[in-house]
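Written out below as structure tokens is the structure these notes cover.
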Amino acid sequence: MKKFFFLFTIVFFNHFFGQAQDFSYGVITREELDLKECPFDKDANAVVLMDEAKSDYDDEGHLITDHHVKIKILKEKGFDAANVEIYYYRKDDFEDILKLQAMIINADATGKLVMEELSSKSFYRKTENERLGKMIFTFPGVKVGSIIEYKYQSFMKNYNGLRDWYFQQYFPILHSRFTVRVEPHLEFAYRVNKRPDFPIVLKQETGSDLVYFEMNNIPGLSNETYMDSREDYLQKVIFQLSGFNNGFGKSNYMTSWDEVIKELLLDKNFGLLLNKNIGGTKELMDAVKTKATEEEKMAIVYNYVRANMSWNGIYSKYAMEGVKDTWSKKKGTSGEVNLVLVNLLKDADLEVYPVLVSERFNGKVAVDYPFVDQFNNVFACVVIKGKKYYLDATDAYTPAQMTPNDILNTTALIVNRKNGGLVNISNDSLKYNDFISSQVELDDKGILSGETYISARDYARVKRVHDFKEKGKEKYIAGLYQKNGITVNDFEFLNENNDSIPSEEKFKFNTSLAVGGDYLYMPINIFSEFDNNPFISDNRFSNVNFGYKRTITTNMVVSLPKNYVIDALPKTITMSTPDKDIVFNRSVSYDKENNQVICMLVFDFKKSLYTYDEYPMLKEVFKKMFTYLKEPVVLKKK
């Protein structure tokens, strides 16, 4: 997908442009009342009529943002829009939510408008974590046709809290606009992330102290299957402080990636923590000395930190509590845990650097813009014989030799003056590798029963162990195997705690086949995980990111009842994309001597990332593949 990025400097503004359309709180237009569906998104369950905010400052330099939202409910599935959560930075009282008002507008039986203002008792504060709080409220009496409206003021200590502005949300938006005025001594850089076919209004008059952004008629963006990051496709304006003037001259912030690295290495919560002797590690270092190779030393330190520290669920690039205190408490943010890991790897005499990452859910890094806020986390990067290993001690399931799935196909920043810089983390030789084998018997009543064995290697092992431990045995079985009338018994999960060998699963199962007169219809695709086609939508907004390459092989041998014969056997086929990056093989044969049907399916995905303009080809390939997967073996009674 092509994206246009613009970089501007905001400085010395004096007045506001008044040309924008006015949206007054509590004023409803006839057009809004009569609206039955979103004109450019017919399937939308709700539509944002207006999303508007203005950011300004007071004499003390506080950042004050007035926000106003109006939403129309179009269908019952849109009722969730009436449950509102407004997040704010609660740590150190950095931000507060003030002047909150909300109302719901409905029409009674006579068509008369009924406006109901929410009382202050309707608003609740809730602590999300140590950094974030949220204001919660719900609109009563919401129904199809309701218009909900609210406004509030965000009061922050300073401009460091200036948020990005999103023109696009889950629901479509008719009008979105944002105005910002920045203190004269501050300079903010901003870039606009948008599709070229979506126009934007951007106004900044010469000598003005305000910048105005506006977009209209933006479709909603939901989470598409295998979306690499929803953040990458949202229409938005991204801000970052780029400099300030303190009266003695101008200072710039992070004007290049080298400057970013320099600033980070001088940061008391980051670079100045990299050579700390955190203490209490004699047992670990003694164990490291017994290992012969650097790979073994890396693994033992990595596994020791994972086993002895816990993550509090907060993503961070920094260690705000320091590394010594974090190590003492054995708990911290991702930044604190992983900067502890970097220090211990240094103590083991390994070449290691902190590396800022933007995990796939956080969005891609725009390499032309040295904004540190593009990254959401910090990992450890160990270099052994020229090969880079990326370690995240908050990840309980990925072994040291594997790149975590969340950063595959992303750009990262290694923080080191000599050996640092941007690096692309692409898929390596490891892949998602599943082998599934079933020995099955079919009786003359159409009951299919047997035993299945699954061996999972590399990323398949990581995913299966993660899901099994996080979901628990019963939910894991129900989600993968107990569907379409299948019953699973005697389930075993083996090797879950030894990441040097494949995980294994063994279980017995039975199911009843579809019967039509004298015919039985036996499926050839039972446990491949390709149950439903994920690509049925005609349009695609985002890239398709599988994360890793995949090879899945299923082999099923079915002993047939003596009173049935083969009536129709699916043909052996091989199907592939023009570039051979997806290859699908189906082989179905009949062993007359043993009266058995042998079914083999091979799914080989040699490419992990497809751009949105490749989607039509991918959609067609999956459509054909699922057609082949649905063809059964047809058996006829003698």
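The values are calculated or read from the model by the stated rules, or taken from the named source; none is laboratory data. Note that the coordinates shown come from a computational prediction; the quantities given were computed from them, not determined experimentally. Positions of Cβ are backbone-derived with ideal geometry, glycine not excepted, and every protein chain shown enters the neighbour counts.
Rundown of residues vs (1) modelled with pLDDT of 95 or more; (2) buried (at least 20 other Cβ atoms within 10 Å of the Cβ), yes/no style:
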position	(1), (2)
Asp347	no, no
Val352	yes, yes
Arg360	no, yes
Gly363	no, yes
Asp368	no, no
Phe375	no, yes
Val378	yes, yes
Ile384	yes, no
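All conditions but one from (1) polar (S, T, N, Q); (2) surrounded by 15 or more Cβ atoms within 10 Å (Cβ to Cβ); (3) closer than 21 Å to Ala307 by Cα apply to Asn497; the one that does not is (2).
For the stretch 205-223, a residue qualifies if it is surrounded by 15 or more Cβ atoms within 10 Å (Cβ to Cβ) and among the polar types (S, T, N, Q), and the qualifying residues are Ser208, Asn216, Asn217.
Yes or no: the stretch 177-191 includes at least one residue that is buried (at least 19 other Cβ atoms within 10 Å of the Cβ), in contact with a Ser or Thr (Cβ under 8 Å, 6 or more places away or on another chain) and small (Gly, Ala, Ser). Yes.
Selection of the stretch 447-476 for residues being surrounded by fewer than 20 Cβ atoms within 10 Å (Cβ to Cβ) and over 27 Å from the mean Cα position of the chain (by Cα) yields Ile447, Ser449, Gly450, Glu451, Tyr453, Ser455.
Among the residues examined, Gln153 qualifies as assigned by TED's automatic domain parsing to the domain that holds Glu116 and surrounded by fewer than 18 Cβ atoms within 10 Å (Cβ to Cβ).
Selection within the stretch 126-174: residues that are more than 26 Å from the chain's Cα centre (by Cα) and within 27 Å of Asp373 (Cα to Cα). The member of this set that is modelled with the lowest pLDDT is Tyr159.
Within the stretch 317-362, the residues that satisfy the criterion of being under 30 Å from Arg230 (Cβ atoms), in contact with a Lys or Arg (Cβ under 8 Å, 6 or more places away or on another chain) and among the small types (Gly, Ala, Ser) are Gly335, Ser358.
Across the stretch 192-204, what is the number of residues that are surrounded by fewer than 19 Cβ atoms within 10 Å (Cβ to Cβ) and either among the β-branched types (Val, Ile, Thr) or not assigned by TED's automatic domain parsing to the domain that holds Ile73 (or both)? Result for the stretch 192-204: 2.
Residues that are over 20 Å from Asp43 (Cβ atoms), in a loop (DSSP other than H, G, I, E, B) and within 30 Å of the chain's Cα centre (by Cα) were ranked within the stretch 198-228; the one that is modelled with the lowest pLDDT is Asp228. Scanning the stretch 80-102 for residues that are over 24 Å from the mean Cα position of the chain (by Cα) and under 20 Å from Ser119 (Cα atoms) turns up Ala82, Asp96, Ile97, Leu98, Lys99, Leu100, Gln101, Ala102.
Hey, can you tell me all the residues within the stretch 339-385 that are in contact with a Gly (Cβ under 9 Å, 6 or more places away or on another chain) and more than 21 Å from Glu283 (Cβ to Cβ)? Listed by number, the residues that qualify are Tyr353, Pro354, Val355, Arg360, Gln374, Asn376, Asn377, Val378. For the stretch 568-600, filtered to residues that are in contact (Cβ under 8 Å) with a residue 60 or more places away in the chain and closer than 26 Å to Asp444 by Cβ, the residue that is nearest to the chain's Cα centre (by Cα) is Cys599.
Within the option set Arg417, Arg457, Arg464, being within 30 Å of Asp258 (Cα to Cα) and basic (Lys, Arg) holds for one residue only, Arg417.
Could you say whether any residue in the stretch 64-76 is assigned by TED's automatic domain parsing to the domain that holds Gly145, touching a strand residue (DSSP E or B) at 6+ places or on another chain (Cβ under 6 Å) and over 28 Å from Pro140 (Cα atoms)? Yes: the stretch 64-76 contains one or more residues that are assigned by TED's automatic domain parsing to the domain that holds Gly145, touching a strand residue (DSSP E or B) at 6+ places or on another chain (Cβ under 6 Å) and over 28 Å from Pro140 (Cα atoms).
Yes or no, residue by residue, for (1) under 16 Å from Leu345 (Cβ atoms); (2) surrounded by fewer than 19 Cβ atoms within 10 Å (Cβ to Cβ):
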residue: Thr293; (1), (2): yes, yes
residue: Tyr302; (1), (2): yes, no
residue: Val305; (1), (2): yes, no
residue: Asn312; (1), (2): no, yes
residue: Lys317; (1), (2): no, no
residue: Thr326; (1), (2): yes, no
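Put simply, of Asn484, Asn409, Asn405 the only residue that is at pLDDT below 95, farther than 30 Å from Tyr353 by Cβ and of a type outside the set (A, V, I, L, M, F, W, C) is Asn484. Only one of the listed residues (Asp434, Asp490, Asp444, Asp392) is exposed (fewer than 15 other Cβ atoms within 10 Å of the Cβ), out of contact with any His (no Cβ under 6 Å at 6 or more places or on another chain) and at pLDDT 95 or above. That residue is Asp490. With respect to the stated conditions, Tyr253 fails to be modelled with pLDDT under 85, buried (at least 20 other Cβ atoms within 10 Å of the Cβ) and over 30 Å from Ile536 (Cα atoms).
Checking the stretch 516-525 against the condition returns no match, with no residue being farther than 27 Å from Glu593 by Cβ and touching a residue at least 40 places away in the same chain (Cβ under 8 Å).
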